[in-house]
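Here's the structure, in structure tokens; my notes come after.
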Amino acid sequence: MKSGYVAVIGRANAGKSTLINVLVGEKVSIVSPKPQTTRDRILGVLTEEDYQIVFVDTPGIYKARNALTDMMMRTTENSARSVDFLLYVLDGHDGVSEEDFNLIRKYKALNVPMAIAYTKIDIMPKENIPLDMAKFSDAELDIDVFPVSARKGTNVRNLKNFLAEKMPEGEKVFQQDIVSDKSERFMISEIMREKILLKFDKEIPHGIAIVINTFERNDNGVYEINLDIVCERANHKAILIGKQGRAIKEVSSFARQDMEKFLGGKVFLTTYVKVKEDWRDRPNMLREYGYEDYRGEE
Ligand SMILES: Nc1nc2c(ncn2[C@@H]2O[C@H](COP(=O)(O)OP(=O)(O)OP(=O)(O)O)[C@@H](O)[C@H]2O)c(=O)[nH]1
Ligand SMILES: [Mg+2]
């Protein structure tokens, strides 16, 4: 049996969470077209007959600007240090930049074995792929590069087999049927945050925290969920609610549908929008909203 941890790292919005979801075969991490979607270290577990890979999703590398993003970057750095293998995800459609090379060199210096997933090849001109591959060989990084599409599943099996081979001998860490280390409560709040990321622009989704007040299953089997959507400004609250509450109704409805799929039962969802000025810069608030550094201890 082979078994180990693979941290998935890379710039914000590169496609890390999407790739993990495809590798694991279940949605363990939310996805959006906006950077800084993932805020926590999230484990996604892939178990096959002869191996188990625990993928570690991490917040994308981004210039830290507040206490929350600072904390996210520490989580990523610590996660990269405590694994058997690093998978650097690079947005091929965005192109290979000097910043990527710098980051790849920096992580290589950790002396953890590493490979590159060059993703989103479904939305880029095919002729760019060999040009970028040449850039990698010119840089003499001595790293395997896997062009993949998480959306189409292209080359994902090859990458999976390659990673399985790289895992050390060992027993499973998680039971057969476990796909994530996160609770249902956590996933419910993430589903809500994902719908807000998809609907609203600019600073609004980045300044959101979700607080679950009630999460219960009543006698009829219906899940009763009550949550607060915390935002940073009164004008954000007005936008989140929208004219006659239309915006909040719409996102709540999308969130409810996904929650029902995830929980496998009917959901009665009530949401309230609250303002907590500058919570992202207040360490005590971060803790209250469930954001703590991942310091590398298991
Ligand atoms: N076309 C295409 N889009 C992709 C692919 N992988 C990811 N995306 C899109 O890229 C965007 C970012 O994906 P995420 O998986 O959230 O990226 P991330 O690296 O986890 O981002 P952060 O958590 O913010 O660091 C989303 O809109 C995805 O749908 C792919 O293989 N093909
Ligand atoms: Mg992510």
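We did not get these values from a lab; they are worked out from the coordinates using the rules stated. Just so you know, these numbers come straight off a predicted model, no measurement behind them. Cβ placement follows ideal geometry from the backbone for every residue including glycine, while neighbour counts extend to all protein chains displayed.
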State the volume of the convex hull built on the alpha-carbon positions of segment 53-115, expressed per residue in Å³ and rounded to an integer. 99
Loop only by DSSP, 13 or fewer other Cβ within 10 Å of the Cβ. Give me the trypsin sites (Lys or Arg not before Pro) in segment 40-80 that pass, ordered by residue number. 63, 65
What nm distance separates the two modelled labels at residue 217 and residue 81, each placed 7 Å from Cα along Cα→Cβ? 4.1
Can you tell me the relative contact order of the chain? Whole percent, Cα pairs under 8 Å, sequence separation 6 or more. 20
For segment 189-248, what is the charge dipole size about the Cα centre, in debye to the nearest 20, if Lys and Arg each add +1 at the Cβ and Asp and Glu each add -1 at the Cβ? 380
Dipole of the chain (Lys/Arg Cβ +1, Asp/Glu Cβ -1, origin at the Cα centre): which of 153, 64, 101 lies farthest to the positive side? 64
Around residue 146, which amide H atoms from residues at least 5 apart in sequence, or from another chain, sit under 5 Å from its own amide H, with H modelled in the peptide plane? 116, 117, 118
Taking Cα atoms only, helix 184-199 is inclined relative to the longest principal axis of the chain by an angle, in degrees rounded to 10, of 90
Quick one: length gained pulling residue 178 to residue 140 fully straight, 0.36 nm per residue minus the C-alpha distance? 9.8 nm
At q = 0.08, 0.09, 0.12 Å⁻¹, what is the base-10 log of I(q)/I(0) for the chain according to the Debye formula with one equal point scatterer per Cα and no solvent? Please give it to two decimals. -0.37, -0.47, -0.82
Given the options 5, 139, 123, identify the residue whose Cα lies farthest towards the positive end of the charge dipole of the chain (+1 on Cβ of Lys, Arg; -1 on Cβ of Asp, Glu). 123
Taking Cα atoms, how many degrees apart are the long axis of helix 67-81 and the longest axis of the chain, rounded to 10 and kept between 0 and 90? 30
For the cross-link pairs 2/126; 2/160; 2/34, which exceed 24 Å when the distance is taken from alpha carbon to alpha carbon? 2/126; 2/34
Using a/c under 1.5 as the rounded threshold, could you call segment 2-166 rounded, prolate or oblate? The axes a ≥ b ≥ c are square roots of the C-alpha gyration tensor eigenvalues, and prolate needs a/b larger than b/c, oblate otherwise. rounded
Each label point is 7 Å from the Cα along the Cα-to-Cβ direction; what then is the distance between the points at residue 122 and residue 108, in nm? 3.1
Please give the contour-minus-distance gain from residue 157 to residue 93: 0.36 nm per residue of separation, less the Cα-Cα distance, rounded to one decimal in nm. 21.0 nm
Segment 132-246: spread of alpha-carbon positions along the three principal axes, whole Å, largest first, is 56, 39, 24
Show the residues, 5+ positions off or on another chain, whose built amide H is closer than 5 Å to the amide H of residue 275. 231
From the Cα gyration tensor of segment 86-162, with a ≥ b ≥ c the square roots of its eigenvalues, which class applies: rounded if a/c is under 1.5, or else prolate if a/b is larger than b/c, or else oblate? oblate
Taking a ≥ b ≥ c as the square roots of the Cα gyration tensor eigenvalues, with a/c under 1.5 meaning rounded and otherwise prolate when a/b beats b/c, else oblate, which class fits segment 125-168? oblate
FRET E, pair residue 274, residue 201, Förster distance 22 Å, beta-carbon r, rounded to 0.05: 0.60
Charged-residue dipole, Cβ positions (Lys, Arg, Asp, Glu), segment 184-288 about Cα centre, Debye nearest 20: 300
Per-residue ³J(HN,Hα) for segment 118-125, Karplus 6.51 cos²θ - 1.76 cosθ + 1.60, θ = phi - 60°, Hz, x for Gly and Pro: 9, 9, 6, 5, 5, 10, 10, x
Which angle between 0 and 90 degrees, to the nearest 10, do you get for helix 156-166 versus the longest principal axis of the chain when only C-alpha atoms count? 70
For the chain, with a Gaussian network of springs between Cα atoms less than 10 Å apart, report the residue from 272, 118, 107 with the top mean-square fluctuation. 272
Interchain or long-range residues, amide H under 5 Å from residue 38's placed H: 60
Relative contact order (percent) for segment 28-171, with alpha-carbon contacts under 8 angstrom and 6 or more residues of separation? 18
Placing +1 at every Lys and Arg Cβ and -1 at every Asp and Glu Cβ, with all other atoms neutral, what dipole size does the chain have around its Cα centre, in debye to the nearest 20? 1140
For segment 180-298, take the convex hull of the Cα atoms, compute a quarter of its surface area, and give me that in nm², please. 8.5
